[in-house]
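Contents: one structure, followed by commentary.
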Amino acid sequence: MSASGVLSFTQQGWEQVLAKVKRAVVYLDSACAESLHWGCGSTRLLEAVGGPDCHLREFEPDAVGGGAKQPKAVFVLSCLLKGRTVEILRDIICRSHFQYCVVVTAVSHAVHLTANHVPAAAAAEMEGQQPVFEQLEEKLCEWMGNMNYTAEVFHVPLLLAPVAPHFALTPAFASLFPLLPQDVHLLNSARPDKRKLGGLSDVDATALTPELLLQIRCLVSGLSSLCEHLGVREECFAVGSLSRVIAADLANYAPAKNRKKTAAGRASVVFMDRTLDLTGAVGHHGDNLVEKIISALPQLPGHTNDVMVNMIELTALQTEEENCNVVAPGCLAQSNDTTAKALWEALLNTKHKEAVMEVRRHLVEAASRENLPIKMSMGRVTPGQLMSYIQLFKNNLKALMNHCGLLQLGLATAQTLKHPQTAKWDNFLAFERLLLQSIGESAVSVVLNQLLPMIKPVTQRTNEDYSPEELLILLIYIYSVTGELTVDQDLGEAEEKVKKALAQVFCEEPELSPLLQKITDWDSSINLTFHKSKISVDKLFTSLRDIAGARSLMKQFKSVYVPGNHTHQASYKPLLKQVVEEIFHPERPDSIDIEHMSSGLTDLLKTGFSMFMKVSRPHPSDYPVLILFVVGGVTVSEVKTVKDLVASLKPGTQVIVLSTRLLKPLNIPELLFATDRLHPDLGF
């Protein structure tokens, strides 16, 4: 099996789509566009479409239909073909002149049967038949206005956006986030006639909302397709409550039974809840350039994992802000540029200092190859130095085209190095280190009192001070790294002071950011009274206490905090690192917190027999492939830690890290305070 399994899986899927798009108008939703962006690049799609015109369109209600000279359409969708999605399809087709429609869905037909409430036994009897797709094909012909026109509906597992050979994301599931104790109360209120859930440990598939369960099944279907591509039979393990539900669903996924019987290889798939360790997600310990780039630069529209790189420096336009939208932005994904791709992978796998030197080296070598008049300079890499190299390419179209991908990464680096957010990164890091020492020596109440003077209204803040959103990041850090709290009078009083200060700051903001609007449930601070703001902040602190207690169900992975002593300072030990170390522990102990999810009667019998005779249960280190899936997002530093750790603990093991999204610190409060965690929007 090749090390680039995630890339070949994605590209193989897109090849099936590209075979259908010649001279077609192509409609993509944002998740599929992101998979294409990282997997093959839009140029590959444009080449396959052919013709002088660009016929790529976003799949949305207001999308432009096909004209009289555009008889063919291809729709590439990440979601179920149901409800609102089908209505949008119908509306686009009815206002077009299509005679040939192809609809590609990333969701398997088996999941469509589940979504249409077809019982499992009946679905099993339909193996090889695709009635849901066939019915939609008839509808497509009806909407095109002639039953003799051509319609095709089929499934291609366009699940992944491959960021590196060993690392991929699932854009369609970017909002999937583990549950918190407060979600259990909501689940209980929706099941008045059933046994109440005592806590997260009681949550299983039957307790979840139909929408969340269906979202999980869509993910499981895609992961099963990935295992099929890799040629492996998977053993599923879980760390955390939502991971347990996902792992159990994959272990018992009925359409995969025959595949598992014939698979030649074996793999461990370990799911882990992000909420068990939010410290690494909001922290600034990661000495990685890419993490700083995705934190500093604006998000690429319609994407969850890439950024906009301002390309105006390579044009003759003035660099005023109003000109920034005139030139198309650059980005980090360089799927068709071998040199840029090599640099990107180096940036993912090296520390900040080595990474910026690597960017400089690539720019110098590219300029030398193009015979550009480069002035060599050694020593520390500065943004000005990088810009001077980049601008050598400015008036040389051939050189620009030859090194376009490299120049985008070079500009991303230069713009990040001089961005005010990068200077603030070091302030965060210094404060986090101070917090780690304080937590070891003092109660959380003392730490909160240290934070209090930093909570300043907008009229008193300078660029050096923390914004309300940044204060939330620090609070999440404090509560996550501390873990289970001792609730006493001092803590209550300290929290109350911080709550009042934050509530006042929210009220005095001239404009509420999207995150603050979500937290306060108000669009504008004009109508936000202190009383209303305080109610919102009280709810926020309920979430913070949930975060602190997230590891309370763990027996082994109870802490991410390592106290200091006379030789070492207090430090943070990522949970992912602890999990990987446990998996490859030389004595191979049965881990209590890494639960194996049984798949059917045989496994249950093994488990039963193991109580009174020696039967070895599957262990995650048993197999040559380890797929680690972090539910709720992962950082670049964490991926590098996993890769390096597996290479040192068990060389030869192929590790693939998957996650729902690439994280920057601000993503965590956005995910935590999302209102649709239990009721995800599935497009219908």
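The values are calculated or read from the model by the stated rules, or taken from the named source; none is laboratory data. The structure displayed is predicted, hence computed values, not measured ones. Using ideal geometry, Cβ is built from the backbone for each residue, glycine included, and neighbour counts are taken over all protein chains shown. Each accessible area value is taken on the protein alone, full model and side chains, heavy atoms only, with ligands, DNA and RNA left out. Shrake-Rupley method; radii C 1.70, N 1.55, O 1.52, S 1.80 Å.
Just a few scattered comments:
- Here the helices (runs of 4 or more DSSP H) wholly within the stretch 591-684 that include at least 3 residues being buried (at least 21 other Cβ atoms within 10 Å of the Cβ) and modelled with pLDDT of 90 or more are 636-649, 667-672.
- Members of the stretch 298-308 found to be open to solvent by 10 Å² or more (accessible area, probe 1.4 Å) and either in contact with a strand residue (DSSP E or B) (Cβ under 8 Å, 6 or more places away or on another chain) or of a type in the set (S, T, Y) (or both), listed by number: P298, Q299, L300, G302, T304, M308
- Residue within the stretch 418-429 that is modelled with pLDDT of 90 or more, among the aliphatic types (A, V, I, L, M), outside the structural domain of D306 (by the TED database) and within 25 Å of the chain's Cα centre (by Cα) present: yes
This table checks each residue for (1) over 15 Å from L544 (Cα atoms); (2) open to solvent by 40 Å² or more (accessible area, probe 1.4 Å); (3) basic (K, R); (4) not in a helix (DSSP H, G or I).
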site: V447; (1), (2), (3), (4): no, no, no, no
site: Q450; (1), (2), (3), (4): yes, yes, no, no
site: N463; (1), (2), (3), (4): yes, yes, no, yes
site: L491; (1), (2), (3), (4): no, no, no, no
site: E495; (1), (2), (3), (4): no, no, no, no
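- The stretch 30-46, residues that are more than 9 Å from P171 (Cα to Cα), surrounded by fewer than 20 Cβ atoms within 10 Å (Cβ to Cβ) and touching a residue at least 24 places away in the same chain (Cβ under 8 Å): G41, T43, R44
Residues checked against (1) among the β-branched types (V, I, T); (2) modelled with pLDDT of 95 or more; (3) surrounded by 17 or more Cβ atoms within 10 Å (Cβ to Cβ):
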| position | (1), (2), (3) |
| --- | --- |
| K69 | no, no, no |
| V76 | yes, yes, yes |
| L80 | no, yes, yes |
| E87 | no, yes, no |
| R90 | no, yes, no |
| I93 | yes, yes, yes |
| Q99 | no, yes, yes |
| V102 | yes, yes, yes |
| T105 | yes, yes, yes |
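- The stretch 501-542: number of residues that are exposed (fewer than 15 other Cβ atoms within 10 Å of the Cβ) and in a loop (DSSP other than H, G, I, E, B): 9
- Helices (runs of 4 or more DSSP H) lying entirely in the stretch 116-199 (those with 2 or more residues that are outside the structural domain of L628 (by the TED database) and either among the polar types (S, T, N, Q) or surrounded by fewer than 17 Cβ atoms within 10 Å (Cβ to Cβ) (or both)): 120-125, 131-144
- Within the stretch 540-578, tally of residues that are modelled with pLDDT of 90 or more and either of a type in the set (S, T, Y) or in contact with an Asp or Glu (Cβ under 7 Å, 6 or more places away or on another chain) (or both): 18
- Count of the stretch 225-274 residues, restricted to those that are buried (at least 23 other Cβ atoms within 10 Å of the Cβ), touching a residue at least 60 places away in the same chain (Cβ under 8 Å), farther than 29 Å from Q556 by Cα and touching a helix residue (DSSP H, G or I) at 6+ places or on another chain (Cβ under 7 Å), is 1.
- G5 in contact with a Pro (Cβ under 9 Å, 6 or more places away or on another chain) and touching a residue at least 12 places away in the same chain (Cβ under 8 Å): yes
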